[in-house]
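Only one structure is covered here, and it is reproduced in the block below.
The values are calculated or read from the model by the stated rules, or taken from the named source; none is laboratory data. None of the values given here were measured: they were computed from a predicted structure. Here the Cβ is made from the backbone with ideal geometry for all residues, glycine too, and neighbour counts use every protein chain on show.
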Amino acid sequence: MLQGTPESAARAKALRQEMSPAEIRLWLALRKRPAGLKFRKQHPSGPYVADFFCHAARLVVEVDGQAHDFGDRPQRDARRDQWFRPRGMEVLRLPARDVLRDCDAAVQGIVAVAEPRIRDEEG
């Protein structure tokens, strides 16, 4: 499992108290372990904090609000995703509006990405 730095661990702890409405809604669904998958919320990983992380599937799930579309955020997100990939992680980005609109569909999409990654690891 990826470990965080002391700084990212402290940031993760603070972020757990400041989750967005979309993150809260998704967490309420993910903590029920859909398809038997265990997720962690605001998980420190190296210098970053993943919104949600499934160790078994090596899957990072990011819930992106509108701010991710502006300024330097797209480039920052791309650098972040590039940091995870060489470490065997897949990054799945979900627009916050989609999570709020249909959380069940978001969870189904996450499971659809996670399950084959677990089978690939086992096979």
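Quick notes
- Odd one out for Asp98, checked against (1) out of contact with any Leu (no Cβ under 9 Å at 6 or more places or on another chain); (2) within 23 Å of Ala56 (Cα to Cα); (3) among the acidic types (Asp, Glu); (4) surrounded by 15 or more Cβ atoms within 10 Å (Cβ to Cβ): (2)
- Against the criterion of being closer than 22 Å to Arg25 by Cβ, modelled with pLDDT of 95 or more, surrounded by fewer than 16 Cβ atoms within 10 Å (Cβ to Cβ) and of a type in the set (A, V, I, L, M), Ala112 qualifies.
- Filtered residues of region 15-39 (kept if at pLDDT 95 or above and of a type in the set (Lys, Arg)): Arg25, Arg31, Lys32, Arg33, Lys38
- Search result, residues across region 17-48 that are surrounded by 12 or more Cβ atoms within 10 Å (Cβ to Cβ) and farther than 20 Å from Met89 by Cβ: Met19, Ser20, Pro21, Ala22, Ile24, Arg25, Ala29, Arg31
- Entry remark, region 50-72: residues being modelled with pLDDT under 90, of a type in the set (A, V, I, L, M, F, W, C) and surrounded by 15 or more Cβ atoms within 10 Å (Cβ to Cβ) number 0 in total.
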